[in-house]
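Visitor: What follows is a single structure, and I will ask about it in a moment.
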Amino acid sequence: MGLESRRRFAPRVTRAEAVAREVETEIVGAGLPPGRRLGTKEDLRRRFGVAVATLNEAVRLLEMRGLISLRPGPGGGLFVAEQHAALGFAPGRASFSDCQAVRNALEPLVCREAARHHHDEDIRALRTILEAMERHADDPAAYLDLDWALHRRIASMCRNAPLHSIYLTLIDVLQDASAAGDLPDRHGEADPAVHRELVDAIAAGDGPALDAIVDRHRRMPAPPPYG
């Protein structure tokens, strides 16, 4: 599977999410004090070179995470929240197993969101990725890229912004670790059939059938790493 094909199926994050993460890293990583002014929306829009709608979505994500506050009027703009709710997530200090445990705990919530809010085009996109997974079941690197892409696409249907952000952050960390060959020693075989059942259950809507297949999926060992 060529690099361009992998990129087509495995987008990392939306531009708004990327901007939100940059600002979050600045606030948390640099330890910016509560009340520190970050600038106006227009300042940030120009800084990141994004459209107004993209910047507004990034601001919405940051507000929902409790990281920033907006103040109107002269001298207003975006400020570090007085008591921001930073996650304190430091990928470099988190083990693969820890991240996987949290991702597994969030998986039912993400899949339920997808089951409640999906559209027909979402299911078609998931089934296109599934077809590629079936074609590449004997290629660990390609299969794992597609596996991550499938779960990113499922998460794209999530309307809970904090859940969406945390889940994608964990996927980023796990994907980077698998690409570097840093997975634990336990590995399973590619199993597109389980993923197809998962997509079918999401398409059918929220309910016991979805819960059962999500639980089965969470118990699957990770596929082999690649480096």
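Visitor: Which order do the peptides 142-152, 99-109 take when ranked by the mean count of other beta-carbon atoms within 10 Å per residue, highest first?
Guide: 142-152, 99-109
Visitor: Would you check the accessible area of VAL52, probe 1.4 Å, heavy atoms only, in square angstrom rounded to 10?
Guide: 90 Å²
Visitor: Then there's this: Let a ≥ b ≥ c be the square roots of the eigenvalues of the Cα gyration tensor of segment 108-149; is it rounded (a/c under 1.5), or, if not, prolate (a/b larger than b/c) or oblate?
Guide: The shape class here is oblate.
Visitor: How would you order 123-131, 194-202 from highest to lowest mean count of nearby Cβ atoms within 10 Å?
Guide: Ranking the peptides 123-131, 194-202 by packing returns 194-202, 123-131.
The values are calculated or read from the model by the stated rules, or taken from the named source; none is laboratory data. The model shown is predicted, which means the values in this text are computed figures rather than measured ones. Glycine also receives a Cβ, built like all others from the backbone with ideal geometry; neighbour counts cover every protein chain displayed. The accessibility values were calculated without ligands, DNA or RNA, using every heavy atom of the protein model including side chains. Shrake-Rupley method; radii C 1.70, N 1.55, O 1.52, S 1.80 Å.
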